[in-house]
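Colleague: Sharing a structure below in C-alpha cells format, with a few things to ask.
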Amino acid sequence: MALNLPTDEVFLTTEEVLAYLQVNLRTVYRLIKAGKIPAVRVGRQWRFRKRDIDAWLDSQRTQSGGAVPSVLVRHGRARILVVDDEASIRDLLAKTLALAEYDVDTAPDAATDGLTLVRQVKGIRAELPVIIITGFSSETSAIEAVNLGVAGYLRKPFRVPEVLAAAAKALGVPAA
C-alpha cells in the first residue's frame, strides 16, 4: 500500500539533516533533546519534516537579525567546518581556529573539487558563508567562486592571520 503524502510532506533522515544543517550528530541530538529542532521518533530512528526544519531555520535567522544563524553558534562561539584532503593543513586550520575560539569540525575531502562542494552547500544553505583556500588557483576558478558567493578566497601558501581575518569577516564577528 503506497502512501500519498502531499508534496510538502518531505521527511529527512538524520543523515540528511546533518548535511542540510551542516552540523555533527552530537549537535543534532543536543538540539532534539533541548526541543529546539522539530523531530519525530519513528521506531529507533529520528525523522524530520523538511518544512518544519526550514521554518525553524527561518525563526533562527529572524532571532539573530539575519546574522550568523544560531545553529552555527554554540555557547556564543561560531562554528566552522574545515574541509581539506591534506591532514596536516586540516589539523593546522582546525587548531588555529579553535585557539581563536571557534568551534571547529573537519572533513577529509570535498569530493576532489572544492567548487563542487561550494555549489552543493550554497544549494542547501545559500546564506552559509564559505571561504576557499586553494593550492590550485586560476582566474577562472576565482571568478566562479565569487559568482557562487564565497565570502573569501585565499591561495596556498596562506598566512594564519589571513585565515583568521577571512573567518571573522565571513561570520561578521570581531577578528581574534
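The values are calculated or read from the model by the stated rules, or taken from the named source; none is laboratory data. None of these values were measured; they are calculated from a predicted model. Positions of Cβ are backbone-derived with ideal geometry, glycine not excepted, and every protein chain shown enters the neighbour counts. Note: areas computed on protein heavy atoms with side chains; ligands, DNA, RNA excluded. Shrake-Rupley method; radii C 1.70, N 1.55, O 1.52, S 1.80 Å.
Quick grid of which residues meet (1) open to solvent by 20 Å² or more (accessible area, probe 1.4 Å); (2) aliphatic (A, V, I, L, M); (3) free of Cβ contacts under 8 Å to residues at least 60 places away in the same chain:
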residue: Tyr102; (1), (2), (3): no, no, no
residue: Thr106; (1), (2), (3): yes, no, yes
residue: Gly114; (1), (2), (3): yes, no, yes
residue: Arg125; (1), (2), (3): no, no, no
residue: Val130; (1), (2), (3): yes, yes, yes
residue: Asn147; (1), (2), (3): yes, no, yes
residue: Phe158; (1), (2), (3): yes, no, yes
residue: Pro161; (1), (2), (3): yes, no, yes
residue: Gly172; (1), (2), (3): yes, no, no
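Colleague: Filter segment 123-149 down to the residues that are on the phi < 0 side of the Ramachandran plot and part of a loop (DSSP other than H, G, I, E, B) and list them by number.
Modeller: Within segment 123-149, Arg125, Ala126, Glu127, Leu128, Pro129, Val130, Gly135, Phe136, Ser137, Ser138 qualify.
Colleague: Same structure, new question: Could you give every pair whose Cβ atoms fall below 8 Å, whose first residue belongs to segment 10-33 and is without any contact (Cβ under 8 Å) to a residue 40 or more places away in the chain, and whose second residue is among the small types (Gly, Ala, Ser), counting only separations of at least 6 or pairs across chains?
Modeller: Listed pairs, sorted by first residue: Ile32/Ala39.
Colleague: Going residue by residue through segment 66-77, is there one that turns out to be more than 18 Å from Pro129 (Cα to Cα), at pLDDT below 75 and in a loop (DSSP other than H, G, I, E, B)?
Modeller: Yes, there is a match, as at least one residue in segment 66-77 is more than 18 Å from Pro129 (Cα to Cα), at pLDDT below 75 and in a loop (DSSP other than H, G, I, E, B).
Colleague: If I filter segment 94-110 for residues that are on the phi > 0 side of the Ramachandran plot, aliphatic (A, V, I, L, M), assigned to a loop (DSSP other than H, G, I, E, B) and modelled with pLDDT under 75, do I get at least one hit?
Modeller: no
Colleague: Separate question: Test Val17 against the stated conditions and say whether it is at pLDDT 80 or above, open to solvent by less than 60 Å² (accessible area, probe 1.4 Å), under 22 Å from Pro108 (Cβ atoms) and assigned to a helix (DSSP H, G or I).
Modeller: yes
Colleague: If you take the residues of segment 133-145 that are of a type in the set (Ser, Thr, Tyr) and surrounded by 12 or more Cβ atoms within 10 Å (Cβ to Cβ), which of them is nearest to Thr96 (Cα to Cα)?
Modeller: The selected residue is Thr134.
Colleague: Another question about this same structure. Going by what's in this entry, would Gly152 be described as loosely packed, with under 13 Cβ neighbours inside 10 Å and in contact (Cβ under 8 Å) with a residue 12 or more places away in the chain?
Modeller: Considered against the rule, which asks whether it is loosely packed, with under 13 Cβ neighbours inside 10 Å and in contact (Cβ under 8 Å) with a residue 12 or more places away in the chain, Gly152 comes out as no.
Colleague: Working only within segment 81-93, note down all residues that are surrounded by fewer than 18 Cβ atoms within 10 Å (Cβ to Cβ) and in a helix (DSSP H, G or I).
Modeller: Ala87, Ser88, Ile89, Asp91, Leu92
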